[in-house]
Amino acid sequence: MTPPSTSKALGIGLAGIAVTAAGLLVSGAHVVATAWLVGIGFWTAIAIGMLMLILIHHIFDASWSVVLRRQFEHGVAAFPWLLLLFLPLIAVSFLGAKDTIWPWMNPAHQVNAVHTVRTDILYEKKSDFLNLPFFVIASLGFFALWIWISSRLRKASFSQDQDGDVKWTRMNGRTAGFGIPIVALTLTFAAIYWYKSLEYHWFSTMYGVWYFSDCMRGALSCGVLIQLWLYARGDLKGILKTDHLWAIGQLMLTFTVFWAYISFSQYFLIWNANVPEETFWYNIREYKDWWYVSLFLVFGNFLLPFLLLLSYRFKVTHRIIRRIAYFVLTVVFVDITYNILPALKDPTGHPLPFFSLNLLWAATSVIGIGGISIWAYLRDLPTTKLIPIRDPRIGECLNHDE
């Protein structure tokens, strides 16, 4: 029998998807499909972050994170379902107008009063990369690689629970050796293909690193919430210690600073160079209420979590670190909408307002895809031991000290 919490997550997911689909009747395919991309971007970021944290755990042969790793191994079970939920974005590019989401897919799309995509010199220079067949093959390839690497890590970890053989630890170390560069490259190209190419005239060499920072912050925040949920229901009593939360909080602080460094560096370099092919992207995001979203990201995505996570007490107090984790997930969502939704423009070329139906469909997309992702985690949770009981480092993890 399916546990009630699992059924509830699936029900919420299906309801969120249904409401988003109903939005097609209100706002049209262009708006809803772009909002759906926000949901895919948010939950795929979290899954990629979990995968990267597992790989980093193995490459550094870490001991403190053994207990946390098992929950991430369940979390990456969402990848096949995220692939399934990504397929409508591919389908709409074939079955509907080719520029429903990405303008460069339609050669007749009007770029400005003079050019179409077909006659645009910037598209011509990028056309070997930006074309529909390559986009489909690459997108499916990204998910295939993430699923394959996740499956290798999960198989070795779960098998070790049965026989305790150290060969599985060595296998995961080898997987991490080639897995980190593969995941780093695929998440970079996915971010460029799926989000950056919405405004393909823009140039940025730091875009993949920006997405990586959101991946890590989202995954760490979800990790905190999962651990505290398991602790509250009694599963991790005596296992999850203050020092584990402190270590996770330190990583959350690290990637908060990392996001700020990447974002400021990119903005400063573009502002200083003042090249139109680069500045227009920020000019769009300083129009009307998007300006306040930009300010919110400065203070909400960096300053506030930075100041809170400096405190040792805040990092180890369950009630406080839980609230910080929820807040970080909220600002990661805003950050992703900031990168995607301004691609929706009015007839004058200005972005549609942030506070509009566009944001509603983005939120319902996140709820729908999130429900399916959480359902995949809960469905996978009972299939293995709660912690990697025969990992060679489990003893050191359970006795972790600062």
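Quick check on Thr317: is it of a type in the set (S, T, N, Q), over 20 Å from Val332 (Cβ atoms) and modelled with pLDDT of 95 or more?
Spelling it out, Thr317 is indeed of a type in the set (S, T, N, Q), over 20 Å from Val332 (Cβ atoms) and modelled with pLDDT of 95 or more.
From the list Leu198, Leu185, which residue is under 28 Å from Val332 (Cβ atoms) and surrounded by fewer than 17 Cβ atoms within 10 Å (Cβ to Cβ)?
It is Leu185.
Consider the stretch 269-301. How many of its residues are within 13 Å of Pro353 (Cβ to Cβ) and of a type in the set (Val, Ile, Thr)?
Here the count works out to 2.
From the residues in the stretch 263-286 that are crowded, with 16+ Cβ neighbours inside 10 Å and either more than 23 Å from the chain's Cα centre (by Cα) or more than 18 Å from Lys196 (Cβ to Cβ) (or both), which one is modelled with the lowest pLDDT?
Glu278
To keep it simple, each residue is scored yes or no on (1) within 16 Å of Gly13 (Cβ to Cβ); (2) of a type outside the set (Asp, Glu); (3) modelled with pLDDT under 95.
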residue	(1), (2), (3)
Pro342	no, yes, no
Lys345	no, yes, yes
His350	no, yes, yes
Ala362	yes, yes, no
Ile367	yes, yes, no
Gly371	yes, yes, no
Trp375	yes, yes, no
Asp380	yes, no, no
Ile389	no, yes, yes
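Quick one: which of Val31, Val26 is surrounded by fewer than 17 Cβ atoms within 10 Å (Cβ to Cβ) and within 21 Å of Leu352 (Cα to Cα)?
Val26
With (1) surrounded by fewer than 20 Cβ atoms within 10 Å (Cβ to Cβ); (2) touching a residue at least 60 places away in the same chain (Cβ under 8 Å); (3) not aliphatic (A, V, I, L, M) as the list, and Trp102 as the residue in question, which single condition is left unmet?
Checking Trp102 against (1) surrounded by fewer than 20 Cβ atoms within 10 Å (Cβ to Cβ); (2) touching a residue at least 60 places away in the same chain (Cβ under 8 Å); (3) not aliphatic (A, V, I, L, M), the one that fails is (1).
For the structure I just gave you, tell me whether Val298 is among the hydrophobic types (A, V, I, L, M, F, W, C), in a helix (DSSP H, G or I), buried (at least 21 other Cβ atoms within 10 Å of the Cβ) and within 24 Å of the chain's Cα centre (by Cα).
The answer is no for Val298.
I'd like the full set of residues that are touching a Pro at 6+ places or on another chain (Cβ under 9 Å) and hydrophobic (A, V, I, L, M, F, W, C), limited to the stretch 42-89.
Val66, Val67
Taking the stated definitions as given, is Lys385 touching a helix residue (DSSP H, G or I) at 6+ places or on another chain (Cβ under 6 Å), charged (D, E, K, R) and surrounded by fewer than 18 Cβ atoms within 10 Å (Cβ to Cβ)?
The answer is yes for Lys385.
Given Gly23, Gly49, Gly16, Gly41, which one is assigned to a helix (DSSP H, G or I) and over 21 Å from Ile101 (Cβ atoms)?
That would be Gly49, the only listed residue that is assigned to a helix (DSSP H, G or I) and over 21 Å from Ile101 (Cβ atoms).
Output the residues belonging to the stretch 326-351 that are among the aliphatic types (A, V, I, L, M), within 16 Å of Asn283 (Cα to Cα) and surrounded by 21 or more Cβ atoms within 10 Å (Cβ to Cβ).
Ile340, Leu341
Among the candidates Gly234, Gly218, which residue alone is among the small types (Gly, Ala, Ser) and either touching a helix residue (DSSP H, G or I) at 6+ places or on another chain (Cβ under 6 Å) or in contact (Cβ under 8 Å) with a residue 60 or more places away in the chain (or both)?
Residue meeting the stated conditions: Gly218.
Looking at Tyr287, Tyr267, can you tell me which residue is touching a residue at least 12 places away in the same chain (Cβ under 8 Å), closer than 25 Å to His201 by Cβ and outside any helix (DSSP H, G or I)?
Every option except Tyr287 fails the conditions.
Being outside any loop (DSSP other than H, G, I, E, B) and exposed (fewer than 13 other Cβ atoms within 10 Å of the Cβ) is the filter here, so list the residues in the stretch 308-325 that pass it.
Result: Arg313, Arg319.
Can you pull out the residues in the stretch 100-157 that are farther than 30 Å from Arg393 by Cβ, within 25 Å of the chain's Cα centre (by Cα) and either part of a loop (DSSP other than H, G, I, E, B) or of a type in the set (Phe, Trp, Tyr) (or both)?
Thr100, Ile101, Trp102, Trp104, Phe129, Leu130, Asn131, Phe134, Phe135, Phe142, Phe143 - these are the residues of the stretch 100-157 that are farther than 30 Å from Arg393 by Cβ, within 25 Å of the chain's Cα centre (by Cα) and either part of a loop (DSSP other than H, G, I, E, B) or of a type in the set (Phe, Trp, Tyr) (or both).
Counting only residues that are free of Cβ contacts under 8 Å to residues at least 40 places away in the same chain and buried (at least 16 other Cβ atoms within 10 Å of the Cβ), which one in the stretch 168-181 is farthest from Thr337 (Cα to Cα)?
This residue is Trp168.
Take the conditions in a helix (DSSP H, G or I) and within 16 Å of the chain's Cα centre (by Cα) and apply them to Ala77. Does it pass?
yes
The values are calculated or read from the model by the stated rules, or taken from the named source; none is laboratory data. In this text, all values refer to a predicted model and were calculated from it rather than measured experimentally. Cβ sites come from the backbone with ideal geometry, for glycine too, and all protein chains shown count toward neighbours.
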